[in-house]
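I have placed the structure first, in the form of structure tokens, so that the comments after it can refer back to it.
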Amino acid sequence: AMSSVHAREYTPAELNTRFAEYLINHYGVDPDVTWLLDYNEVHLLLQANPDGRKKAETGLSWRKNTNENYCGATSNSRGADLNRNYPFYWNSCDPGDGCSSGNACDTDYRGPSAASEPETQAVVNYVRSQYPDLRADDLSAAAPMTTSGLFLDLHSYSQLVLWPWGFTATPAPNSSALQTLGRKFAYFNNYTPQQSVGLYPTDGTTDDFAYGELGLPAYTFELGTNFFQDCTTFENTIVPNNLPALLYGLKSLRRPYQNPAGPDTLNVSVTPTSTLTGSTITLTATANDTRYRSGSGEPTQNIAAARYSLDAPSWITGTTTYPLNAIDGAFNNPIESLQAGVNLSGLSTGRHIIFVESRDANGNWGPPTAVFVWITLAPDSTIIGTIRAQDTGNPLDGAHISATLGTTLTFHATSLANGTYQLDVLAGIYDLHAVKYGYHGTTINAVQVQVGITASQDITLTPAAFYTVTGVVSDRDTGQPLSATIQVDGYPDAPIQTNASTGYYSITLAEDIAYTFQVNAMGYLPLDRSVGPLTSDRVEDFALDVDRDACIAPGYTFHGLHEAFTTTGTPTGWSVVNNVGSAGWRFDDPEPRGNLTGGSGNFAIADSDYAGSENMDTELRTPVLNFSALNAVTLTFKTDFYRYASEVADVDVSVNGASGPWMTVWHKSGASYRGPRTETLDLTTQAAGQANVMLRFRYYNANYEWWWQVDDVEIGRCMASVFSAPIFDPSAAAQ
């Protein structure tokens, strides 16, 4: 990780230094930092442009190095832009693309030749010495998916995560994997993830060199909001948001093209944290496959498996892995709670480390997360006994027994089919606690255990009362019964299913437990509700809301307009109205920029930078829409608004077609509103019940500014009823 190649960018060098300090201070304390430094090398170049930094410290906005051969020995415009001087496809852009300059006094002067500068040569030679060359030096050869290592260049500012290429809009050969890790980084710092060229074209950059020549996944972080960042923003926002991103990059080093597509393993803990040799501890964790920048469009999958290993990660030869189970009994969600019993037999006293990792349904293993456990002495005594039911005297299997010594040690066991249990413990005085579903838990205090002597303690559990919970699951809007699955947390058996025709369910549950009912039906939003502890039979009905975004519930259809801008021409029924000049909305990405909205393929763009000095006030109008039969209307669209100085982006609604008046329902000015973003607006008040609705996306006050992109416009409502009137007539002339 290198930083501050541009001298005036103070934030990157300080963040890189904080990263070094964090790793050193947390080694041996934090289990993740400990294993990361045990199994990886971290090379941090804190000041990539030290001579330039000294000039910036005088108060100058100094970007380049201080080479006196360019633009005059004493000029404050002298030097070369080091981040346009790297050798891979140096000076490769077409003239006029603005990638770099051949004028020695310009801030982005590329130097007289590739890698002409000593700072560039030092970095290039060092990076080449650390990594093998894993790809051909062309634009089509992909690096192996098993590539190890990562290259980061920390810059400021713009709040972006960028990856190659910067000199062409053509995606890099490993673009999908680069995008996935970029979107993962952006989950932590909430920056905009995009291919580098999407900011503006560049050539001769550090990350294009590292990826292009060696095949390393390479990224630029554009940190913060200023070159000379204020300390409050740095301490309160930049450091806490970007340190986790850097740590995730370190976690992914072994397989950076693979692991980021897999689930994150979170909240890893053991109970107890300190125990005896030969004991069994409880390991819990959460697997989460959804942690990408919100709205980025990165696909997620259900969790399919999880595993753990002791004292070495799974990829070390000879390491044995063991499974963790889904606590709810099935791997069928993108977020799963995990649990396993870990037998510590054969391990020496002292600190040990447990590695936990998860796999999604596409076969992607995410990076591991670790937890420490301490083993003290070997057990010197035993508690044995039998668990029986108070009413019948029959032995009970599957009862959980815990023995607690003071506040530091707890030992666990489960009764066998004949009701017997055995706890291997240290000598001492214990509190025994036994629980089993359907029975009242009980505690026996002051069970005394002596060295080498087996203590016997039988336990009797009193049956709990049972009550019946019944109800109906229905559609909140229509009242129609639903076929639904009800998972009851706290109930040991499988989920129950409602009657498909009536929506009715019935379940008998024990008292004294606070249950959580999790109700799911295809095409509906899930509903959770706490039920209990029960003291009598009760009725619990559930009314589910349709998932109108997905609109896949049986009998439901989206009534409205969806436009994905799949061609380079104006879509049927739409129109472009230019209030000033001839430059307006286009669908062919003329610069090109690439789709930065989170959508895919073609999109609509009003590109003021491409139009140059021509003023822009341009409207993209929908067809006239008939919502007279809808009682609610929602607008969704993907967007990327990159503002330079004065431009404005508005979404307006008219209920009188093109004649207006127009009501503004979405307004952006004063700052960029970068994608990928998905916007959802409730237009019920403005548009529901109206027969002549029109929307316009208006971009104005733009003169040599940046752009506004829009994609996947959807307006209407997911409804159960079928309407005879069409939403719009595609054959009608655009207004």
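The values are calculated or read from the model by the stated rules, or taken from the named source; none is laboratory data. Quick caveat: nothing in here was measured; it's all calculated off a predicted structure. Here the Cβ positions follow ideal geometry from the backbone for every residue, glycine too, while neighbour counts run over all protein chains shown. We work out accessible area using only protein heavy atoms, side chains counted, and drop any ligands, DNA or RNA first. Shrake-Rupley method; radii C 1.70, N 1.55, O 1.52, S 1.80 Å.
Checking the condition open to solvent by 10 Å² or more (accessible area, probe 1.4 Å), of a type in the set (Ser, Thr, Tyr) and either closer than 17 Å to residue 623 by Cβ or touching a helix residue (DSSP H, G or I) at 6+ places or on another chain (Cβ under 9 Å) (or both), which residue from 700, 704 passes?
704
Select from segment 144-161 the residues that are of a type outside the set (Val, Ile, Thr) and open to solvent by 50 Å² or more (accessible area, probe 1.4 Å) and write down the one among them that is nearest to residue 97 (Cα to Cα).
The qualifying residue nearest to residue 97 (Cα to Cα) is 157.
Considering 687, 645, 671, 658, which residue is buried (at least 17 other Cβ atoms within 10 Å of the Cβ), on the phi < 0 side of the Ramachandran plot and hydrophobic (A, V, I, L, M, F, W, C)?
Among 687, 645, 671, 658, only 687 is buried (at least 17 other Cβ atoms within 10 Å of the Cβ), on the phi < 0 side of the Ramachandran plot and hydrophobic (A, V, I, L, M, F, W, C).
In this structure, is residue 459 under 25 Å from residue 391 (Cα atoms) and not polar (S, T, N, Q)?
It is true that residue 459 is under 25 Å from residue 391 (Cα atoms) and not polar (S, T, N, Q).
Which of (1) over 30 Å from residue 73 (Cα atoms); (2) surrounded by fewer than 17 Cβ atoms within 10 Å (Cβ to Cβ); (3) modelled with pLDDT of 95 or more does residue 140 not meet, given it meets every other one?
For residue 140, the failing item is (3).
Search segment 612-642 for residues being of a type in the set (S, T, N, Q) and within 20 Å of residue 581 (Cβ to Cβ), and hand back the single one that is least open to solvent (accessible area, probe 1.4 Å).
The extreme case among them is 618.
How many residues are closer than 21 Å to residue 292 by Cβ and surrounded by 24 or more Cβ atoms within 10 Å (Cβ to Cβ) when one looks only at segment 162-173?
4
With the requirement that a residue be among the hydroxyl-bearing types (Ser, Thr, Tyr), modelled with pLDDT of 95 or more, in contact with a Gly (Cβ under 9 Å, 6 or more places away or on another chain) and open to solvent by 40 Å² or more (accessible area, probe 1.4 Å), what does segment 473-515 give you?
The answer is 483, 504, 506.
Looking only at segment 554-575, which residues are open to solvent by less than 50 Å² (accessible area, probe 1.4 Å) and either part of a strand (DSSP E or B) or in contact (Cβ under 8 Å) with a residue 40 or more places away in the chain (or both)?
556, 559, 560, 561, 563, 564, 565, 573, 574, 575
Taking the condition within 28 Å of residue 706 (Cα to Cα), of a type in the set (Ser, Thr, Tyr) and out of contact with any helix residue (DSSP H, G or I) (no Cβ under 6 Å at 6 or more places or on another chain), does residue 126 pass?
Against the criterion (within 28 Å of residue 706 (Cα to Cα), of a type in the set (Ser, Thr, Tyr) and out of contact with any helix residue (DSSP H, G or I) (no Cβ under 6 Å at 6 or more places or on another chain)), residue 126 does not qualify.
Between a residue in segment 124-138 that is part of a loop (DSSP other than H, G, I, E, B) and any residue that is open to solvent by 80 Å² or more (accessible area, probe 1.4 Å), which pairs come within a Cβ distance under 6 Å, given they are 6 or more apart or on different chains?
Taking only residues 6 or more apart or on different chains, not a single pair turns up.
Show me the strands (runs of 3 or more DSSP E) found entirely inside segment 335-430 where at least 3 residues are of a type in the set (D, E, K, R) and buried (at least 18 other Cβ atoms within 10 Å of the Cβ).
350-360
Each row is one residue, and each column tells you yes or no for (1) among the aliphatic types (A, V, I, L, M); (2) open to solvent by 40 Å² or more (accessible area, probe 1.4 Å); (3) on the phi < 0 side of the Ramachandran plot.
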| site | (1), (2), (3) |
| --- | --- |
| 68 | no, yes, yes |
| 89 | no, yes, no |
| 98 | no, yes, no |
| 101 | no, no, yes |
| 109 | no, no, yes |
| 114 | yes, yes, yes |
| 126 | no, yes, yes |
